[in-house]
1. Per-residue counts of other Cβ atoms within 10 Å, averaged by peptide: what ranking do you get for 158-167, 315-324, highest first?
2. Taking H placed 1.01 Å from N in the peptide plane, check which residues at least 5 places from VAL301 or on another chain put their amide H under 5 Å from its amide H.
3. When a/c is below 1.5 the answer is rounded, else prolate if a/b is larger than b/c, else oblate, so apply that to the range 25-141 with a ≥ b ≥ c taken from the square roots of the Cα gyration tensor eigenvalues.
4. Can you put HIS379, HIS61 in order of accessible area, largest first, using a 1.4 Å probe?
5. Quick one: length gained pulling SER188 to ALA236 fully straight, 0.36 nm per residue minus the C-alpha distance?
6. How big, on average over all directions, is the shadow cast by the Cα convex hull of the range 188-229, in nm²?
7. Say the dipole of the chain comes from +1 at the beta carbon of Lys and Arg and -1 at that of Asp and Glu; which of GLY68, PHE405, SER162 then lies farthest toward its positive end?
8. Taking R0 as 35 Å, what's the FRET efficiency between GLN208 and ASP108 from their Cβ-Cβ distance, rounded to 0.05?
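The values are calculated or read from the model by the stated rules, or taken from the named source; none is laboratory data. Model, not experiment: these values are computed from the prediction. In this analysis, Cβ positions are derived from the backbone assuming ideal geometry, glycine residues included, and neighbour counts consider all displayed protein chains. The accessibility values were calculated without ligands, DNA or RNA, using every heavy atom of the protein model including side chains. Shrake-Rupley method; radii C 1.70, N 1.55, O 1.52, S 1.80 Å.
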Amino acid sequence: MSPARLELPSGFIFGAGGSAYQMEGAVDADGRGVSIWDRFAAEPGRTRNGETGTVACDFYHRYPGDIGLMKELGLGAFRFSIAWPRVVPSGTGRVNRAGLDFYDRLVDALLAAGIEPYPVLYHWDLPQPLEDAGGWPARATVDAFTAYVEAVLDRLGDRVTSWTTCNEPRVAAFTGYQQGLHAPGRTSLADAMAAAHHLLLAHGRAAQVIRARSPRARVGISLDLTPVYPASDGAADRAAARRLDGLVNRWFLDPLWRGVYPADILAHWRSTPPPVVGDDLLTISRPIDFLGVNMYHRHVVRADPGGGDPVHVPQPAAKHTEMGWEVFPSGLEDLLCRLRTDYRPPSLIVTENGAAYEDVRIHDGRVQDPERRDYLEAHLGSVAAAIRAGVPVDGYFVWALLDNFEWAHGYARRFGIVFVDYPTLERVPKASYYWYRDVIARSRGAASGAG
Ligand code: IFM
């Protein structure tokens, strides 16, 4: 498919992103407090080779050069997260002006470059003192988050016009509190259920703060949504797919858009219900302006004859990324169309999509990454198809601008369209970066009648 055929509407937002702990480094700079990821990554065996985000891409100091790369790319928007421990180092109480100064400079530099800032208020770096006091399973963490959001809005609310409250609450809750593979490394379903509910409530409270302090700003949340397909047309496999869809997708979509948890999954998890109090679900389901969709792959499942959990069916003939995730671009179109049909959000934005491959620099220093380019092109094509089908998709953010710290995988998974040479921190735009630059330029040219 040639870039010209992507045919995205004028005004479509071409973005890229990253998150605080994954790219900033500078963990001791300017009064930043300790987060659960600092603590977790420092524990033996938690991450590949004990790698941590202590230096990461050093975006904290190198952001001016990185904004230069964004400008050259023609990027319309940059998605980054704000580190709560930089702003409120102890989780509650004193606000750290120097921490906010960094985001103030970053927002101004993006705006000066003509790039819209898309900050995310929570991308998994809970201040450690709050984890020590109970973490996300404790309701008080929601109050602490609300106070942190007020401090951020008071500082940046005059310039930021698009806010994402929370990134992937499912991963934060279940990978962090049930599977123990992410910080804080707990392994309790009850904790994960409480954490998930409180993250949704934190979203609702943050949205209220944003509405009150910055009434013209757009508010959304980013969910990791994975389309689920049955391995066959049989009733049992279709029921298994419905079950997994409930566990990973509807558990978050239904409270946000319908104000209820899905009844079939509530029944499944009846011994560990979410700790709903009073009008929590009203707070969670207040209207928002966009739903952020983070999509990377799909699930194919069949029923377990013994009545257990849905069984994943591998697709050995398909292509897979270095994460082991199947490349299934039409799943993005299916997902976007399904979201429109089932939930009718006013706007959808693909806030994350991308692929990890084992990139190497060739003899002349360039990085050729044809698989990533193909992946991005096919998924962007899927977005264009969904738009043609009438789905209101307003933007697409590549994950990620820079190679960065991929959580428990450390630096072994490269998602960037810009290669980071970790020993020197040199940035090398990959072939996919130049491809994306051309897509953006052609789209703009077409919109202005030049293409
Ligand atoms: O790197 C992560 C990101 O932090 C959240 N979404 C998925 C990405 C790739 O695993």
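1. On the way: 158-167: 21.0, 315-324: 12.8.
Answer by packing, highest mean first, reads 158-167, 315-324.
2. Amide H to amide H, under 5 Å and 5 or more residues apart or across chains, VAL301 pairs with TYR229, ALA231, VAL313.
3. prolate
4. Working: HIS379 0, HIS61 115 Å².
Correct descending sequence by accessible area is HIS61, HIS379.
5. So the chain would gain 14.4 nm between SER188 and ALA236.
6. Taking the Cα atoms of the range 188-229, their convex hull projects to 4.3 nm² on average.
7. After comparing all options, I get SER162.
8. The computed FRET efficiency comes out at 0.85.
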